[in-house]
Structure formats: structure tokens, C-alpha cells
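The values are calculated or read from the model by the stated rules, or taken from the named source; none is laboratory data. Everything numeric here is computed off the predicted structure, so don't read it as measured data. Reconstructed Cβ throughout: ideal geometry from the backbone, glycine too, with neighbour counts over all protein chains shown.
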């Protein structure tokens, strides 16, 4: 077999780069971190653009689709893009306006009830019988002055570095605002010229990749895009259904904060599998400030609702849409959450679904080749 000099050159370059990456991994990782930090607004902007594009495409399909008006055709992108961003902003504002005030009020109520709870413990004969006999003496003989002195000294040390902390906070907030603004600008440019950007990427790949590899790469990209699109739409519908059922059930059983807790559970249900339980935990805490017994009944209600949703709604809405068995959904959430936190939970399911679909196609193709 004849080996061309270009192939040898590529192998040598690859081996040399691998050698540098292995023996100078610290510098190499630092360079990758620097490049990743510089491109962070681009990555965040792409994520924003991808989510907004799903909503924008929905509006574009329903924005006078049959008219041939020149004004409508020219204004379709701008109007639908504005409507998509306003929809996202409205959802976020609605959720936070319903949740944060009530959550703050519950925390304040709980803090105000602490003295009453302490007095109740002191007046309860059963608890006083369980506690050690000398715990009141130990509490009275406790050297509060020494600890107050230590706390005062600690406070002075904290105040001495307050300027440094304030400067770091201001720098961090400013950096976050700049990153967010740049991400939003990148997202707008991507959405306004998405057809042109897609065409440029395809032309670049065609110029440097062989046709067979190009078609394969386009198929992989199409599978991943389809999996992520189906997951986002299906998960949003499932979260809306779960939140609505939770609100209706809480009104029926007369639980407090029904609208707020149902909205919170629907919002956190965007995180697969564990999201609804996060919202339920916060909801149980809020109901506990009103009635501990109702909080217990609420937990039972959520467990039953989650079982019905997980066995009836989720497989039909999300599972069927992404074509991923339930066991692999759990694996994707666990692995993604362990590696990348909440972001990994969100992205793990559609990524594993796409890989599962590609592997299934490859296995079927190999089986057909063996049968021939």
C-alpha cells in the first residue's frame, strides 16, 4: 500500500500535538480555559438563540402564513423575534413575581415564630423529660462574653477586608453583565441571519470535508438538533401539564399557596426527573409555616401526582418524543448532573437520546449487512 507524504505529515503533526498536550498539560489546560472563557458569550448566545429560535419558528408559522404582502414578509423575522423574546421574559417575570414575594414572606414568618417555638419547647413536659437534666444549667453557665468577643473580633476582620470583597463583587457583577449583554447580542445576530450563517458553515464544511463524511456529519447534526428540539418542546409541555395538575389538585384539597407552588413546580419540572421534587421541597417548606400537618399531606399528594405523571404523562409527552427508554433517561440525568450540575441534567437527556438513536441506526445497518 502506497502512503503519501501528506498522510505522514498529518500523522507527525498529530503525534507532536499529542506530545505537547500530555507533557505540558497544565499550560495546555490553561490555554483551553482562556479560550473557553473568551468564547463564553458565544456559547451562551448560541444557547439563548437555540431556545428562542424554537419559539420564533412557532410564531413565524402563524404570522400571516398565507399572505403575499411584502410588508408582512419583511417584518416577519423582526416581529416574531420580538414576540419570542417577550414570551420568555414574560414567563420568567411571572414565575419570579409569584414565587419570590411569597417565599420571602414565609421565611420571615418562620423567623418570627422561632421565639414561640422555643417557649413551646420549654413548656412541653414531654420534651423536657427527654432532654438532659443539666442542659438549662449548661445554657445559663455558657460563657457568652467570650464568644461575643470572638464574634466581634471576627466581625472586625471581615470589615477590614470589606473593601476588597466589595471590589470583587462589583467586578464579578460587571463581568456577568458584560457577558450577558454580549451573549444577547450574539444571540440576536445568530437569529437575524441564521439562514446565512447556516449556509456559510455548510460551504466551509463542503470545502474541506469529503462528500461522504460531510453527509454523515450533517446527519449527526440533524439527529442532535431533532433530539434537543423534541426534548425542549416535550419537557415544556410536560412541565405545563404538571404545574396545572398541581394547581388544580391543591385548590381541590385546599392547600395554601396553590397558584404559587404549582407555578414553581411547573417551572422546576423543566429539569428532568428531579426537578418537580425540588419545587415540591420548597412548597412543603412554605406550607409547613402555615400548618405542619398540611405539609405532610402535601408531600403525599406530590408523591402520588409525580407517580401518575411519571408513568402516564412523561412517557407519552417526553419519552415518546425523544425515543429514549426510561432507564436511560435516569442514567442521563444522573451522569449529566454529576458532571455538570443542573446544566448537565438539562442537556444530558437529549444528548443521550441522540447518541442512542445514532447507535441504534448503526447497529441496524450492521445487522442488515450481516444478513446480506
From (1) in contact with a helix residue (DSSP H, G or I) (Cβ under 7 Å, 6 or more places away or on another chain); (2) within 26 Å of residue 269 (Cβ to Cβ), pick out the condition that doesn't hold for residue 225.
-> (1)
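Would you check if there is a residue in segment 360-369 being surrounded by 15 or more Cβ atoms within 10 Å (Cβ to Cβ), out of contact with any strand residue (DSSP E or B) (no Cβ under 9 Å at 6 or more places or on another chain) and modelled with pLDDT of 80 or more?
Our first condition is that a residue be surrounded by 15 or more Cβ atoms within 10 Å (Cβ to Cβ); within segment 360-369, this holds for none.
The answer is no; no qualifying residue exists.
Name the residue, out of 236, 222, 244, that is surrounded by 14 or more Cβ atoms within 10 Å (Cβ to Cβ) and within 27 Å of the chain's Cα centre (by Cα).
On the way: 222 fails: surrounded by 14 or more Cβ atoms within 10 Å (Cβ to Cβ); 244 fails: surrounded by 14 or more Cβ atoms within 10 Å (Cβ to Cβ).
Residue meeting the stated conditions: 236.
Identify, from the list 43, 16, the residue that is at pLDDT below 85 and out of contact with any strand residue (DSSP E or B) (no Cβ under 8 Å at 6 or more places or on another chain).
Values: 43 fails: at pLDDT below 85.
Answer to the selection: 16.
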Of the criteria (1) surrounded by fewer than 22 Cβ atoms within 10 Å (Cβ to Cβ); (2) touching a helix residue (DSSP H, G or I) at 6+ places or on another chain (Cβ under 6 Å), which one residue 212 fails = (2)
Is it the case that residue 177 is under 26 Å from the mean Cα position of the chain (by Cα), modelled with pLDDT under 90 and under 30 Å from residue 271 (Cβ atoms)?
-> yes
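I need the full set of residues from segment 248-264 which are farther than 17 Å from residue 313 by Cβ and either buried (at least 17 other Cβ atoms within 10 Å of the Cβ) or not assigned by TED's automatic domain parsing to the domain that holds residue 310 (or both), in order please.
Answer for segment 248-264, where residues must be farther than 17 Å from residue 313 by Cβ and either buried (at least 17 other Cβ atoms within 10 Å of the Cβ) or not assigned by TED's automatic domain parsing to the domain that holds residue 310 (or both): 250, 255, 256, 257, 258, 260, 261, 263, 264.
Okay, residues lined up against (1) in the same structural domain as residue 333 (by TED's automatic domain parsing); (2) modelled with pLDDT of 85 or more:
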position: 147; (1), (2): no, no
position: 153; (1), (2): no, no
position: 166; (1), (2): no, no
position: 194; (1), (2): no, yes
position: 246; (1), (2): yes, yes
What pairs come up if the first residue lies in segment 59-82 and is touching a residue at least 24 places away in the same chain (Cβ under 8 Å), the second is assigned to a loop (DSSP other than H, G, I, E, B) and surrounded by 11 or more Cβ atoms within 10 Å (Cβ to Cβ), and their beta carbons are under 7 Å apart, counting only those six or more places apart or on different chains?
-> 80/63
Quickly run through segment 286-332 and pick out the residues that are modelled with pLDDT of 75 or more and outside any helix (DSSP H, G or I).
-> 289, 290, 291
Extreme residue, modelled with the lowest pLDDT, among residues of segment 339-355 that are over 26 Å from residue 218 (Cβ atoms), within 12 Å of the chain's Cα centre (by Cα) and surrounded by fewer than 17 Cβ atoms within 10 Å (Cβ to Cβ) = 342
